[in-house]
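The values are calculated or read from the model by the stated rules, or taken from the named source; none is laboratory data. Since the structure is predicted, the reported quantities are computational estimates derived from the model, not experimental observations. Neighbour counts are summed over all protein chains in view; Cβ atoms, including those assigned to glycine, are modelled from backbone coordinates with ideal geometry.
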Amino acid sequence: MTVSREISTQMRRVQRGRRHAERVLEDGRLVHPAGPHGSGSTYRNKGCRCVPCTEAHRQEVKVLRHARWASRTRNEHGALVAPDTVRHGNANTYFNWGCQCRPCLDAAATRKRDQTARRVAS
Ligand SMILES: [Zn+2]
Ligand SMILES: [Zn+2]
């Protein structure tokens, strides 16, 4: 079971790499000739970066984020927090859900600090 799942994951990765290799450069953008264009899945699966695909992907991410933000509730401190089904104390929860619970705020602050430190160091 596990082995076959691993193989299919690997095959998907190979297929994706192959699809990415099919892309052509158009006006400085990597575009997949097969399309369909204006689709978020073409952007994600085929790596198409044409204007309609990029825009569709952006819209989808935005809609998803709005839906997540709308599902937040206020906790006992009046802070907007993500539902309990997500992992708290995680910077991604802060960025993707706008979760303002203490553990998520702390995790986001730590990540920002790390990124700043890395930038200074390099
Ligand atoms: Zn496209
Ligand atoms: Zn949280």
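You will find that of Gly78, Gly47, the residue that is modelled with pLDDT of 95 or more and within 16 Å of ligand 2 (Cβ to nearest atom) is Gly78 and no other. The set of residues from segment 27-44 being of a type in the set (D, E, K, R) and either at pLDDT below 95 or within 18 Å of Val61 (Cβ to Cβ) (or both) comprises Asp27, Arg44. If you check Ala56 against the conditions, is it surrounded by 12 or more Cβ atoms within 10 Å (Cβ to Cβ) and either closer than 30 Å to Glu26 by Cα or touching a strand residue (DSSP E or B) at 6+ places or on another chain (Cβ under 6 Å) (or both)? Answer is yes for this residue. Could you check segment 42-91 and list, in sequence order, the residues that are closer than 30 Å to Ala21 by Cβ and of a type in the set (S, T, N, Q)? Within segment 42-91, Thr42, Asn45, Thr54, Gln59 meet the criteria.
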